[in-house]
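Working notes, structure below.
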Amino acid sequence: MNEIQYIRDLAKEVYEFAVSPEMNRRRDLWRDHNSLIFSRPPIYIRKVPFYEYEEGINLKSTDPYLRSIEYDLLYKLYLKRIKTDDTITEPYLTVRADVDVHPDGVFGVPAELEEKVGDVLCARYNPSIVEEEDIKKLCVLPYRVNEETTQKKLERLQEVLSGTLDVVVDRQAPLCGMWQNDISTAIAKIRGLEQIMWDAYDRPEWLHELLAYMRDRILEHIDQTEAKGGFRLCNHQNQAMPYCRELEDPSASDKPVSTKQLWGYMAAQEYTTFGPAQFDEFMFRYQKPILERYGLTAYGCCEDLTHKIDVIKTLNNLRRIAVSPFANVKKCAEQIGSDYVLSWRPNPSSACSRGVDEDFVRGELRNVIDICNANKCKWDITLKDLETTSGDTEAVIKWTKVIRDELEKHY
């Protein structure tokens, strides 16, 4: 088998799907939806456990580099088979620029997991900031792109694809990307999830100092990226489909843009146990000046935001709010109303991890429909964090069809 030609054939199929009338219909749907022009709830399949399916395991390419591309393309083609959702496949691939990062981690200190024991598949982080004076160890390198190695990465992928798909370079600084720019993820890794809870009581001023340092370094990376023309339209991030009428569509354009032309996104999953006032004081007030650098923003992931929505709504560019499986949908909908997009996330475990219980899925969805309609919500459905379907490649497809069938009865 000619492995490179095989990759090009897959890429061509992905391209044809990405520019199809169906995909353009989905773009129009999301463009209106994220601009608060509501017709029906879009369905977004954020994650599928493709790595447990035969086609995701038994790849044909023998070259490791080609295997990584093959996996990405086959995953996109699996999403094509789902048919009834509204996830958008783009006609381009992204290459990450070779940017300077401190050898010990983006904040200059390690963020390492402790050893996993036996059959346990999870572990906690071993904090690097233990004593108060350890804050002096923090160091973030200025934004710099190694142009020579970045160009080689770009040319290598372009050569493989041979024009079947465009390629764009993600040139933004390390602290501008999702999960690096929200502060919450990093502080739990380098300080400790439990420890930051104690810090809020035992040493609040010191915790404020640490948070301010992290906020300022993120803002510096944004400033430096903008000054050097490093942001592109591929840098939208809103944990959904980043289309709307107010901002330019994501694309493979190499034209520099500012953050005001992009979606921004953050969450604070690590602050789930903080009450609204403490969440505001020890996290959100540090996230807010970062988020407000962007054109529009989305907030929330798996954390329960039921009692924090009033805090989040102080963002002047807020557009999307996540309602996780752990949140009270009714109380969230009452606060969100029609002013923002409500992003409802059903529990993946009860959705299709162990088969699809159609009666349960329909019953849960009907309840959410009633709640959202009563509160005039503009809402969508995001299936995310689906770690397993017990090897059933049809489970997500079946779940999506049930969801679409039920929605069509109401919209």
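The values are calculated or read from the model by the stated rules, or taken from the named source; none is laboratory data. Bear in mind that the values here come from a model prediction, so they are computed numbers and not experimental data. Neighbour counts are summed over all protein chains in view; Cβ atoms, including those assigned to glycine, are modelled from backbone coordinates with ideal geometry. Keep in mind that these areas ignore ligands, DNA and RNA; they rest on the heavy atoms of the full protein, side chains included. Shrake-Rupley method; radii C 1.70, N 1.55, O 1.52, S 1.80 Å.
In this rough spin-label picture, where each label sits 7 Å from Cα along the Cβ direction, the Lys255-Arg354 distance is 5.2 nm.
Counted by Cβ distance under 10 Å from Val99, the other residues give a net charge of 0, where Lys and Arg count +1 and Asp and Glu count -1. Computed from label points 7 Å out along Cα-Cβ, the spacing between Glu159 and Arg46 is 3.8 nm.
In the chain, what percent of the accessible surface is made up of carbon and sulfur (1.4 Å probe, ligands and nucleic acids excluded)?
That fraction is 49 percent.
With one equal scatterer per alpha carbon and no solvent term, the Debye-computed log10 I(q)/I(0) for the range 68-176 at 0.17, 0.19, 0.24 1/Å reads -1.00, -1.03, -1.18. Positive contributions from Lys and Arg (+1) and negative ones from Asp and Glu (-1), summed over other residues with Cβ under 11 Å from the Cβ of Arg27, come out at -3.
Search the structure for amide H atoms under 5 Å from the amide H of Asp170, placed 1.01 Å from N in the peptide plane, and list their residues when 5 or more places away or on another chain. Distant-sequence amide H within range of Asp170: Val95, Arg96, Ala97. A straight chain from Tyr125 to Leu36 at 0.36 nm per residue would run longer than the Cα-Cα distance by 28.0 nm. Using R0 = 41 Å, the C-beta based FRET efficiency linking Lys376 and Phe17 works out to 0.75. Positive-end ranking of Gly355, Thr400, Ser324 along the dipole of the range 307-411, with charges on Cβ about the Cα centre, is headed by Ser324. Only Lys, Arg, Asp and Glu carry charge here, each on its Cβ (+1 for the first two, -1 for the last two); on that basis the range 286-391 has a dipole of about 400 debye about its Cα centre. For the range 150-186 versus the range 35-81, the inter-centroid distance based on Cα atoms is 18 Å. Taking a point 7 Å from the Cα of Glu220 along the Cα-to-Cβ direction, the residues of the range 166-188 with backbone N closer than 15 Å to it are 173-176. For the range 346-392, averaging the sequence separation of C-alpha pairs within contact (under 8 Å, six or more residues apart) and dividing by the residue count gives a relative contact order of 61 percent. Can you figure out the FRET efficiency of Ala277 with Gln5, using R₀ = 51 Å and their beta-carbon distance, to the nearest 0.05? Here the calculated transfer efficiency is 0.25. Coupling constants for the range 122-127 follow from the phi torsions by the Karplus curve (6.51 cos²θ - 1.76 cosθ + 1.60, θ = phi - 60°), and in residue order they are 10, 7, 9, 7, 9, x Hz; glycine and proline get x. Across the range 145-295, Cα-Cα pairs farther apart than 25 Å form 39% of the total.
With θ taken as phi - 60° and the Karplus curve 6.51 cos²θ - 1.76 cosθ + 1.60 applied, the whole-hertz 3J(HN,Hα) list for the range 343-349 is 9, 7, 10, x, 5, x, 5 Hz, x standing for glycine and proline. Contact order for the chain, expressed relative to its length and based on alpha carbon pairs under 8 Å spaced 6+ residues apart, stands at 19 percent. The C-alpha radius of gyration of the chain, expressed as a fraction of 2.2 N^0.38 Å, stands at 1.00. Counting charges near Ile336 (Lys, Arg +1; Asp, Glu -1) among other residues having Cβ under 13 Å from its Cβ returns a value of +4. Full extension of the segment from Asn367 to Asn24, taken as 0.36 nm per residue of separation minus the current Cα-Cα distance, would add 120.4 nm. Between Val117 and Lys331, the modelled labels are 3.6 nm apart [label points 7 Å from Cα along Cα→Cβ].
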